[in-house]
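Take a look at the structure below.
The values are calculated or read from the model by the stated rules, or taken from the named source; none is laboratory data. In this text, all values refer to a predicted model and were calculated from it rather than measured experimentally. Every residue, glycine as well, gets a Cβ built from its backbone with ideal geometry; the counts of neighbours run over all protein chains shown.
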Amino acid sequence: MKTTASGEGIRVIGDEARRRAAEDLADWERRELASSIARQPERAPEFRSASGIPLHRTYTPAEAKAGLWGEIGLPGRYPFTRGPYPTMFRGRLWTMRQIAGYGTPEDTNERFKYLIAEGQTGLSVDFDMPTLMGYDTDDDMSSGEFGREGVAVDVLDDMEALFAGIDLE
């Protein structure tokens, strides 16, 4: 069931669904879509299927003649059934990431910067076993293990070094 901006739940079918979908779509275009495109423009002015059919940014009951609009919603808007981003993958391709982490935070930072320069679009950090188990690198239990199977992170300064100079937006 859809929750509107006022917090009320609605269940709509038919003409009422199309009317509400048109209102929601106009509101979505002004809010979520406009701010998303301002941050991350779409990759192309137009998208087509493999058969050459033009593809809309999103579809509403006006196109699908579907009921239960409130359970479907719009991309980038609760309940996120249509996905987390207003433009989905028109603005950016699927996130490409290779897990990385070894040695010191500075070592891994250097690797992250290389991967980003080569086209990686997301980061996944592989932490070493002492970090995962909650041990500092100077703990006896960490002897011979820190930085071995991932990056050693003990304090906030380590996290700051890990992501220094990397745009996390």
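Of note:
- Any hit, the range 109-123, residues being under 30 Å from residue 28 (Cβ atoms), modelled with pLDDT under 85 and either touching a Leu at 6+ places or on another chain (Cβ under 9 Å) or not small (Gly, Ala, Ser) (or both): no
- Residue satisfying all of: in the range 141-159; in contact (Cβ under 8 Å) with a residue 40 or more places away in the chain and either more than 12 Å from residue 103 (Cα to Cα) or of a type in the set (Val, Ile, Thr) (or both); surrounded by the most Cβ atoms within 10 Å (Cβ to Cβ) among these: 151
- Within the range 37-72, considering residues that are charged (D, E, K, R) and at pLDDT 85 or above, the one nearest to residue 86 (Cα to Cα): 57
- Candidates 137, 131, 121: the one that is in contact with a Phe, Trp or Tyr (Cβ under 9 Å, 6 or more places away or on another chain), touching a residue at least 12 places away in the same chain (Cβ under 8 Å), among the β-branched types (Val, Ile, Thr) and outside any loop (DSSP other than H, G, I, E, B) is 131.
- If you go through the range 101-118 and keep only what is among the aliphatic types (A, V, I, L, M) and without any contact (Cβ under 8 Å) to a residue 40 or more places away in the chain, you end up with 115, 117.
- Residue in the range 127-140 that is on the phi > 0 side of the Ramachandran plot, among the small types (Gly, Ala, Ser) and either outside the structural domain of residue 18 (by TED's automatic domain parsing) or loosely packed, with under 15 Cβ neighbours inside 10 Å (or both) present: yes
- Note on the range 105-125: residues that are on the phi > 0 side of the Ramachandran plot and surrounded by 14 or more Cβ atoms within 10 Å (Cβ to Cβ) amount to 0.
- Screening residue 76 against (1) modelled with pLDDT of 85 or more; (2) surrounded by 15 or more Cβ atoms within 10 Å (Cβ to Cβ); (3) more than 28 Å from residue 123 (Cβ to Cβ) leaves a single unmet condition, (3).
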